[in-house]
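The values are calculated or read from the model by the stated rules, or taken from the named source; none is laboratory data. Values in this document were obtained by computation on a predicted structure and should not be read as measured data. Cβ coordinates were reconstructed from backbone atoms using ideal geometry, including for glycine residues, and neighbour counts include every protein chain displayed.
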Amino acid sequence: MKKRILINLTTALLFSSFIYLEYFQIESKILNTIFGLLSIYLILQASRKDLFIIGTAIGILWFYWIGYSFIYYDLPYLLPFIVLFFGFAYGTIFYLIGFQNLYLRGGLFILLNLFEPLAFNWFKPQVIFINSHIGTELWQFGVVVLSFVLMLNFKNSRFSYLLLLPILFTYSGSTPKEKLPLKIKVVETEIKQDEKWLPENEFPIVKMNLEEIKKAIDDGYDMVVLPESTFPLYLNNRDRLMWVLQELSHRITIWTGSLYYENGNYYNSSYIFQNGEYQVAKKMVLVPFGEYIPLDFLGSWVNDIFFDGADDFSPATEPTDIDIKGFKFRSAVCYEATSPQLFVDVPKYMIAISNNGWFTPSIEPTLQKLLMRHYATIYQTVIVHSANISGTGIVHPK
């Protein structure tokens with residue numbers, strides 16, 4: 001029994017290792033390739049009971065951080081329950097796909113990449129190969145899984161291992177990093193979540209943001225990008241501050257995050273100031289249970305109990321592209337940069353802004369970066385990412 005549990009936990013660790021190797025800045029394509037392949041092999045031959053343990057451990061290893069945000073709503077006692085919920089949820093999912101028929105099990109394992117319960121899409125098994133020699137397209141993951149299925153079905157044959165040869169066709173090399181067309185200053189701030197929205201901190205935070213903008217001007221940048229909601233207010237209701245930013249935009253393009261209020265609706269948005277004018281790019285893909293409640297019949301009750309009666313954010317109806325000096329940039333706010341809806345029409349460049357202060361210290365910024373790298377690779381998009389606390393950088397295709 002102890003041996004089985006150890007094997008199950010090892011399987012979950014192997015399946016999750018790509019996140020933690022990245023987190024600890026251990027770069028090894030060969031390790032990521034071996035660990036990913038071995039985890040798939042072990043998952044495909046595990047019993048249904050073992051799959052429940054494996055899935056539970058994977059759910060915890062990937063998503064233990066989700067409950068951190070409840071700390072800032074004075075609900076820290078919910079944290080262990082949320083951790084257990086995600087463990088149990090993914091344990092159940094793995095249990096349900098554990099059919100004895102390996103073709104059925106393998107097919108369902110592949111389809112897990114398309115399963116997005118309550119609009120949450122951060123569990124993508126195909127992404128385990130993002131830092132490996134294997135590609136992360138769905139067909140490549142499918143070839144890997146089905147090759148192991150065939151090998152296990154014909155394991156009594158002396159040539160069964162030859163059935164793994166199709167995996168060679170999933171090889172993915174490195175794409176040369178494309179140089180950005182503009183000189184862009186990407187700002188990372190260090191504002192703690194429990195201090196960000198305090199009224200007494202508004203002026204120091206605004207001052208800090210303006211100093212970052214002026215520093216970017218002095219350093220000769222074409223554009224400066226600041227994180228999500230880095231101005232902790234409804235920016236369009238602050239005429240004086242808007243005027244200051246518009247004046248500064250004669251000298252540099254400013255891309256920054258703040259809230260937007262219009263006709264009784266609240267939007268999480270990017271504000272883009274250039275040449276004395278401004279545009280607002282409203283967030284389209286909202287975070288389930290963070291920015292809206294996906295179950296309508298629970299919406300008001302959940303908001304009243306957990307979020308002090310706050311209203312949901314409103315979504316934009318389509319992605320927003322902004323022309324900066326003749327180059328088109330797609331706007332993405334946090335969760336959007338890991339959503340395929342934002343990559344419609346295959347944008348060449350994307351500006352993503354995030355506030356990871358809700359979830360640090362944890363692996364959340366790491367998982368976010370890996371998912372962004374996955375989509376950057378699939379759509380050949382270069383993502384410029386500015387984040388509060390952690391995660392700032394340029395994300396190039398694999």
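When Trp243, Trp255 are screened for being among the aromatic types (Phe, Trp, Tyr), at pLDDT 95 or above and either outside any strand (DSSP E or B) or surrounded by fewer than 13 Cβ atoms within 10 Å (Cβ to Cβ) (or both), only Trp243 passes. The lone criterion from (1) among the hydroxyl-bearing types (Ser, Thr, Tyr); (2) under 17 Å from Phe85 (Cβ atoms); (3) touching an Asp or Glu at 6+ places or on another chain (Cβ under 9 Å) left unmet by Thr11 is number (2). Of the residues Ile43, Ile60, Ile34, the single one that is assigned to a helix (DSSP H, G or I), surrounded by 21 or more Cβ atoms within 10 Å (Cβ to Cβ) and modelled with pLDDT of 95 or more is Ile43.
Filtering the stretch 291-329 to residues that are at pLDDT below 65, of a type outside the set (Phe, Trp, Tyr) and either more than 22 Å from Phe120 (Cα to Cα) or not in a loop (DSSP other than H, G, I, E, B) (or both) leaves Asp296, Leu298, Gly299, Ser300, Val302, Asn303, Asp304, Ile305, Asp308, Gly309. Is it the case that some residue within the stretch 74-83 is touching a residue at least 60 places away in the same chain (Cβ under 8 Å) and part of a helix (DSSP H, G or I)? Looking through the stretch 74-83, none of the residues is touching a residue at least 60 places away in the same chain (Cβ under 8 Å) and part of a helix (DSSP H, G or I). Screening the candidates Thr189, Thr175 for the property of being under 28 Å from Arg373 (Cα atoms) and assigned by TED's automatic domain parsing to the domain that holds Ser269 yields one hit, Thr189. Output yes when any residue across the stretch 28-48 is farther than 19 Å from Ile128 by Cα, of a type in the set (D, E, K, R), touching a helix residue (DSSP H, G or I) at 6+ places or on another chain (Cβ under 8 Å) and not assigned by TED's automatic domain parsing to the domain that holds Ser362, and no when none is. Yes, because at least one residue in the stretch 28-48 is farther than 19 Å from Ile128 by Cα, of a type in the set (D, E, K, R), touching a helix residue (DSSP H, G or I) at 6+ places or on another chain (Cβ under 8 Å) and not assigned by TED's automatic domain parsing to the domain that holds Ser362. Evaluating Leu21 against the criteria (1) within 22 Å of the chain's Cα centre (by Cα); (2) more than 28 Å from Ile167 (Cβ to Cβ) leaves one unmet condition, (2). The condition (being assigned by TED's automatic domain parsing to the domain that holds Gly357, part of a helix (DSSP H, G or I) and either among the hydroxyl-bearing types (Ser, Thr, Tyr) or buried (at least 16 other Cβ atoms within 10 Å of the Cβ) (or both)) is satisfied by just one residue among Val280, Val206: Val206. Are any residues in the stretch 185-203 touching a residue at least 60 places away in the same chain (Cβ under 8 Å), outside any loop (DSSP other than H, G, I, E, B) and in contact with a helix residue (DSSP H, G or I) (Cβ under 9 Å, 6 or more places away or on another chain), and if so, which ones? Listed by number, the residues that qualify are Thr189, Gln193, Asp194, Lys196.
Set side by side, the residues Ala332, Ala337, Ala352 differ, and just one is within 12 Å of the chain's Cα centre (by Cα), within 21 Å of Phe231 (Cα to Cα), of a type in the set (A, V, I, L, M, F, W, C) and assigned to a helix (DSSP H, G or I), which is Ala337. From the residues in the stretch 382-393 that are touching a His at 6+ places or on another chain (Cβ under 7 Å) and assigned to a strand (DSSP E or B), which one is surrounded by the most Cβ atoms within 10 Å (Cβ to Cβ)? Among those that are touching a His at 6+ places or on another chain (Cβ under 7 Å) and assigned to a strand (DSSP E or B), it is Val382. Taken together, the residues in the stretch 84-107 that are surrounded by 18 or more Cβ atoms within 10 Å (Cβ to Cβ) and within 23 Å of the chain's Cα centre (by Cα) amount to 6. Within the stretch 215-222, can one find any residue that is outside any helix (DSSP H, G or I) and farther than 23 Å from Gly326 by Cβ? No, that holds for no residue. Applying a threshold of 7 Å to beta carbon distances and a minimum spacing of six or more residues, or different chains, the list of pairs starting in the stretch 105-133 at a residue that is farther than 22 Å from Val287 by Cβ and ending at one that is in a loop (DSSP other than H, G, I, E, B) and aromatic (Phe, Trp, Tyr) reads Arg105/Phe99. Residue count for the stretch 209-233 satisfying the condition of being among the charged types (D, E, K, R) and buried (at least 16 other Cβ atoms within 10 Å of the Cβ): 3.
On the stretch given as the stretch 153-181, residues that are over 34 Å from the mean Cα position of the chain (by Cα) and either exposed (fewer than 11 other Cβ atoms within 10 Å of the Cβ) or in a helix (DSSP H, G or I) (or both) total 8. Of the residues making up the stretch 17-27, those that are over 9 Å from Asn131 (Cα atoms) and exposed (fewer than 15 other Cβ atoms within 10 Å of the Cβ) are Tyr20, Phe24, Gln25, Ile26.
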